[in-house]
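Asker: Once you've had a glance at the structure underneath, I'll fire off some questions.
The values are calculated or read from the model by the stated rules, or taken from the named source; none is laboratory data. Keep in mind it's a predicted model, so treat the numbers as computed, not measured. Positions of Cβ are backbone-derived with ideal geometry, glycine not excepted, and every protein chain shown enters the neighbour counts.
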């Protein structure tokens, strides 16, 4: 009895040590993404962030979602659909707590949540912590430009969470609860960002694949989950209007916004990201991971049409590739074992390099990119002046100077196609400026723009202020 008790205590202690070591390993895998998170938090270049904070502040102040534009003089009073009102409120809460650094810090936490969900999915697939950390770290390169302070962060987290929920249905784990959870997840998602319509496509693809490949009750639960996501998308302040809004956003952006363009096969980064997603799809299919297969098919097909969908494929590929790398075929296993020290040293050097790049960002978390946003010039705009500017600066002005109406900002679904194209000609300095600038009292443009050069020789305008990157003109 004593010997048996001693053995049990030893076995329990050994098991506890293994669980502790496993938790530490997964924690280190999660922290591998931290340098990227810090780096992105120190580079605030996403124009949408600024007007989203302002909309969130208005929503909180008036307890209602703004229904018309009040930020521009070119579209003032026009009905406007807020496609990320919930995320805007979250940003505004962060902004109230500590300004832009706090708002960006909130987005950094969401990014860490994305990494945690990717690792949770990798662990569910049987991946090892080291392989998962490597896959997540390698994915950082194509993901860097996407992990900025924008509502798409919610989309990335939600897609991974949905994959985990649907996989529970596939494996027969708490199916009724999982169906309900899929619906609730979609309700939260659609109110944070209208891209939750992607949930319907993924859930429907999963239900179709499970119906075709497998028999049994699981397929009906998958169909129920698809219906739950569709109904969840209707639980928003606009109801069915969210469908019209999605079409409107695409139509207004497809000709002018780069990320809405089809996949660029001449881009090495996009090619590698797409191939990684395609490889993961094949591996998932061979392993009969039908949920991940369907989700990757949807995201890869969507990225061919608009490469802004590509990050979803990359994030879904990370757990699959990590699981494959954790249990590779024997020839690959032998090669990896023979080069183990080399890979460890390369990983350490890469992590050190990333830390070195990210560390300076700690000194300016949430700072608008100085080369893009002339903050001092914006502060010097005369009170109430109607400003003609580009869409990027206009977005910053909406937050920094709510008393100044702008000619343009980055809300492409408000302005449509015609106005941005017409203003682009003026920014180049083309056409009759007396006519084109008739409604403006101030002009703020980068020095490199043709308009800046023409106004320098125009007697109707005088330089009010200038810095190394931009010039502020005021009408005489």
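Asker: Considering only residues that are crowded, with 23+ Cβ neighbours inside 10 Å and within 19 Å of the chain's Cα centre (by Cα), which ones fall in segment 55-83?
Answerer: Answer for segment 55-83, where residues must be crowded, with 23+ Cβ neighbours inside 10 Å and within 19 Å of the chain's Cα centre (by Cα): 55, 56.
Asker: For segment 322-342, how many residues are touching a helix residue (DSSP H, G or I) at 6+ places or on another chain (Cβ under 9 Å) and free of Cβ contacts under 8 Å to residues at least 12 places away in the same chain?
Answerer: Summing the residues that are touching a helix residue (DSSP H, G or I) at 6+ places or on another chain (Cβ under 9 Å) and free of Cβ contacts under 8 Å to residues at least 12 places away in the same chain in segment 322-342 gives 3.
Asker: Has segment 281-292 got at least one residue that is over 26 Å from the mean Cα position of the chain (by Cα) and modelled with pLDDT under 90?
Answerer: Within segment 281-292, not a single residue is over 26 Å from the mean Cα position of the chain (by Cα) and modelled with pLDDT under 90.
Asker: From 381, 398, grab the single residue that is within 21 Å of residue 53 (Cβ to Cβ), part of a helix (DSSP H, G or I) and not assigned by TED's automatic domain parsing to the domain that holds residue 84. Spell out how you get there, then give the answer.
Answerer: On the way: 381 fails: part of a helix (DSSP H, G or I).
Matching residue, one of 381, 398: 398.
Asker: For residue 228, state whether it is assigned to a helix (DSSP H, G or I), closer than 29 Å to residue 112 by Cβ and within 19 Å of the chain's Cα centre (by Cα).
Answerer: So residue 228 fails the test.
Asker: Next question. Inspect segment 173-183 for any residue being buried (at least 24 other Cβ atoms within 10 Å of the Cβ), within 24 Å of the chain's Cα centre (by Cα) and either part of a helix (DSSP H, G or I) or in the same structural domain as residue 289 (by TED's automatic domain parsing) (or both) and give the result as yes or no.
Answerer: Looking for residues that are buried (at least 24 other Cβ atoms within 10 Å of the Cβ), within 24 Å of the chain's Cα centre (by Cα) and either part of a helix (DSSP H, G or I) or in the same structural domain as residue 289 (by TED's automatic domain parsing) (or both), one finds at least one in segment 173-183, hence yes.
Asker: Turning to a different aspect of this structure: Collect the residues in segment 358-388 that are over 30 Å from residue 462 (Cα atoms) and in contact with a helix residue (DSSP H, G or I) (Cβ under 6 Å, 6 or more places away or on another chain), keeping them in residue-number order.
Answerer: Those that are over 30 Å from residue 462 (Cα atoms) and in contact with a helix residue (DSSP H, G or I) (Cβ under 6 Å, 6 or more places away or on another chain): 358, 361, 365, 366.
Asker: Considering each residue of segment 436-473, count those that are under 34 Å from the mean Cα position of the chain (by Cα), assigned to a strand (DSSP E or B) and within 15 Å of residue 390 (Cα to Cα), and give that number.
Answerer: Qualifying residue count, segment 436-473: 8.
Yes or no, residue by residue, for (1) part of a helix (DSSP H, G or I); (2) modelled with pLDDT under 95; (3) within 28 Å of residue 386 (Cβ to Cβ):
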| position | (1), (2), (3) |
| --- | --- |
| 24 | yes, yes, no |
| 46 | no, yes, yes |
| 53 | yes, no, yes |
| 58 | yes, no, yes |
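Asker: Being touching a strand residue (DSSP E or B) at 6+ places or on another chain (Cβ under 9 Å) and farther than 27 Å from residue 88 by Cβ is true for just one of 450, 394, 441, 431. Which residue is that?
Answerer: Among 450, 394, 441, 431, only 441 is touching a strand residue (DSSP E or B) at 6+ places or on another chain (Cβ under 9 Å) and farther than 27 Å from residue 88 by Cβ.
Asker: I've got another one for you. If a residue must be surrounded by fewer than 21 Cβ atoms within 10 Å (Cβ to Cβ), at pLDDT 90 or above and not in a helix (DSSP H, G or I), how many such residues does segment 134-165 contain?
Answerer: Matching residues across segment 134-165 total 1.
Asker: Is it the case that residue 391 is in contact (Cβ under 8 Å) with a residue 12 or more places away in the chain and closer than 17 Å to residue 77 by Cα?
Answerer: So residue 391 does not fit the description; no.
Asker: Okay, next question. Can you pull out every residue in segment 256-269 that is in contact (Cβ under 8 Å) with a residue 24 or more places away in the chain, within 16 Å of the chain's Cα centre (by Cα) and assigned to a helix (DSSP H, G or I)?
Answerer: Once the filter is applied, which keeps residues that are in contact (Cβ under 8 Å) with a residue 24 or more places away in the chain, within 16 Å of the chain's Cα centre (by Cα) and assigned to a helix (DSSP H, G or I), segment 256-269 yields 259, 260.
Asker: May I pose another question? So, in segment 344-378, how many residues would count as being part of a helix (DSSP H, G or I) and free of Cβ contacts under 8 Å to residues at least 60 places away in the same chain?
Answerer: Selection size over segment 344-378: 9.
Asker: Scan segment 372-384 and tell me whether some residue there is at pLDDT 90 or above and under 21 Å from residue 31 (Cβ atoms).
Answerer: Scanning segment 372-384 turns up no residue that is at pLDDT 90 or above and under 21 Å from residue 31 (Cβ atoms).
Asker: Residues that are more than 22 Å from the chain's Cα centre (by Cα) and at pLDDT 95 or above: does segment 392-400 have at least one?
Answerer: yes
Asker: What tally of residues in segment 401-421 results from selecting those that are touching a helix residue (DSSP H, G or I) at 6+ places or on another chain (Cβ under 8 Å) and surrounded by fewer than 18 Cβ atoms within 10 Å (Cβ to Cβ)?
Answerer: As a first pass, look at segment 401-421 and keep what is touching a helix residue (DSSP H, G or I) at 6+ places or on another chain (Cβ under 8 Å): 401-402, 404, 406-413, 415-417, 420.
Among the residues that remain, those that are also surrounded by fewer than 18 Cβ atoms within 10 Å (Cβ to Cβ) are: 402, 413, 416-417.
Qualifying residue count for the region: 4.
Asker: Another one. For residue 438, indicate whether it is surrounded by fewer than 14 Cβ atoms within 10 Å (Cβ to Cβ) and without any contact (Cβ under 8 Å) to a residue 24 or more places away in the chain.
Answerer: On the way: surrounded by fewer than 14 Cβ atoms within 10 Å (Cβ to Cβ): yes; without any contact (Cβ under 8 Å) to a residue 24 or more places away in the chain: yes.
Yes, satisfied.
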